[in-house]
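Have a look at the structure below, then the notes.
The values are calculated or read from the model by the stated rules, or taken from the named source; none is laboratory data. Worth saying up front: this structure is predicted, and the values here are computed from it rather than measured. Methodologically, a virtual Cβ is constructed for each residue, glycine included, from the backbone with ideal geometry; neighbour enumeration extends over all protein chains shown. Quick note on the areas: whole protein, heavy atoms, side chains included, nothing else; ligands and nucleic acids left out. Shrake-Rupley method; radii C 1.70, N 1.55, O 1.52, S 1.80 Å.
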Amino acid sequence: ATTATSSPGVAAVAAVPAGKGGPVCRGDAGVVDCAQCLSTGSSRLTDKLLFAGAFSVGGAVVVEDQPDVSAVLSAYNQQGDPTLYEEYYSGLKHFIECSLDCHRAELSQLFYPLFVHMYLELVYNQHESEAKSFFERFHGDQECYYQDDLRVLSSLTKKEHMKGNETMLDFRTSKFVLRISRDSYQLLKRHLQEKQNNQIWNIVQEHLYIDIFDGMPRSKQQIDAMVGSLAGEAKREANKAKVFFGLLKEPEFDVPLDDEDEEGENEEGKPKKKKPKKDNVGSKSKKQDPNAPPQNRIPLPELKDSDKLDKVMNMKEAARRVRLGPECLPSICFYTFLNAYQGLTAVDITDDSSMIVGGFADSTVRVWSVTPKKLRSVKTAADLSLIDKESDDVLERIMDEKTASELKILYGHSGPVYGTSFSPDRNYLLSCSEDGTVRLWSLQTFTCLVGYKGHNYPVWDTQFSPYGYYFVSGGHDRVARLWATDHYQPLRIFAGHLADVTCTRFHPNSNYIATGSADRTIRLWDVLNGNCVRIFTGHKGPIHSLAFSPNGRFLATGATDGRVLLWDIGHGLMVGELKGHTDTIYALRFSRDGEILASGSMDNTVRLWDAVKAFEDLETDDFTTATGHINLPENSQDLLLGTYMTKSTPVVHLHFTRRNLLLAAGAYSSQ
């Protein structure tokens, strides 16, 4: 077997449009989701999904050979004297602790990856007692944010354990990335060569990727902000690609004046000529944003008449929108799910705030109307044939009054529902579940239209594109998939994360998708070609929430570490850290004009942050971008505008209405 040469971070598979011939199956070669392999319940799947690199060949998908576990582990055969490992490690530790302050912080990054690899090398070569003593002696020195990984590591005590262990495979296939200044690196290299300490030098060369930069070494604070993910930091190269973060130009159409609305139609049944309304909201995005992608970079669905009407409604609402800011905070309306014994696992609210959906652990999806207007289904085919199709109120007549109710329950999944998402036009609803499927439901008939099968494991999140038609899903198989509602196979497969993809979000211009993962990184993917264009590291726990700012320039992320991190997408930099929550952050949302960021957490609070202040005067000069010398201001307290406690309800979803009222949702927990 060949060992992988390319990094697993950039694997992406461009799927084939229907009718171009599906993927070629090459048995063990690591083909993505080949039907023949799947039907045999192949145990190779987990290995395949970690493939090291993929490329598209004439319309068919071929994937490079995946290094199998034994090939990966064979790197451990070149072992030193097992009894000296503790000495090697403590020698290096002594050297680093005695080095100058400016180098110590940088070189201390070596402790954790070296500890892991030396321990695994001992275990692999069956020196179990030495491994145990090595682990006990040094595991306490590791940074607190690696505790969970160390717990997994401590359970690997025999060579056999290493064979089928996924975490193990990740440590092997992905080189751990350290970012170190040239001075510190020279110091380390000189030390290891003088000491003839080949064992450690071999590990550094074999398993670590040292990203060397010219310039001042970074401080402990700067390093701590950026490290903590499963594979160390991102290489600087990973965040160099150009990203079109600007917004697409809104289609132009006239907004009728309010007094004309009631005038109806003239004699031929054609709408009246509308006087263009001088409306600053409509004209806001007439100018092409210099950072926007070309309008036709990816094909987007045409606007239907109903969409145009909705846009007009949206503009009218926007004219009445409250301008938020430190002096004018939004009111918050909290939807508490009471007696949700079926375990509330997901929530979504339509853009016009008329419907709310809950996904539950008993595998149901429940849709409520939150306006006085009840939910109605379309009449049966027999009844529809009796309707006069020319009548003005035909859209009203096709609805069956007998079916009107506040709540509709959708049955179909066979496991807990972990993600839900309404389509922008409110005609469809997506849900994803532990059963490995994503389902598309019609909100006209309240029935399931399609079940999308591609993930073989639980699907943790799904979301519609802001333009409809496309949607994304992410799951336990570590892969995110891009789908279109009318294709039953994914259009793109985004592979590169080293653990579950826990949350997914579309960029407002729909050309990019952000994914958060249990490997503690956030990746930004290009929908056009499937490439990974950004890797953000810095969270110390699995990521559970993502939110793009309305202008498309920034991304906010929340994780189990209770921190909200802010990222500048264009420069690929962390630009802020909001501390305050004491538990996992499950919900993040910017207000409609981006002045306020709301965060909701398992600590039963909603917090409001001053987004304008957080993003002003950013230092994003070339030096910072090139080296990652970020200086995060310790200003969480200045940016925090308010904290709102619920009685005992963890916050799982947040939504700003078109007029900037904040809606929050969660299930009451009677602890």
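A compact table of results
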item	result
Solvent exposure of segment 80-233 as accessible area per residue, Å², 1.4 Å probe	43 Å²
Centre separation in Å (Cα based) which lies between segment 562-607 and segment 88-122	34 Å
Sum of side-chain charges, I200 neighbourhood, beta-carbon under 14 Å (Lys, Arg +1; Asp, Glu -1)	-2
Cβ-based net charge around G475, under 9 Å, with every Lys or Arg adding one and every Asp or Glu removing one	-1
Packing-based order for 634-642, 494-502, using average beta carbon neighbours within 10 Å, highest first	494-502, 634-642
Segment 80-233 - percent of accessible surface contributed by carbon and sulfur, probe 1.4 Å	48 percent
Of the GluC sites (Glu not before Pro) in segment 379-464, those whose Cβ has at most 10 other Cβ within 10 Å and which sit in DSSP loop	E390
Coarse-grained scattering of segment 402-542 at q = 0.09, 0.14 Å⁻¹, given as base-10 log I(q)/I(0) from a Debye sum over alpha-carbon atoms	-0.26, -0.61
Kirkwood Rh (inverse of mean 1/r, distinct Cα pairs), segment 80-233, angstrom	15.9 Å
Computed over segment 525-607: relative contact order in percent, which uses C-alpha pairs under 8 Å that are six or more apart	22 percent
Between segment 328-378 and segment 476-515, the Cα center-to-center distance that results, in Å	25 Å
Protection proxy ranking, peptides 343-352, 596-605, 207-216, 292-301, average beta carbon neighbours within 10 Å, highest first	596-605, 343-352, 207-216, 292-301
Listed peptides 477-486, 135-144 by packing density, highest first (mean Cβ within 10 Å)	477-486, 135-144
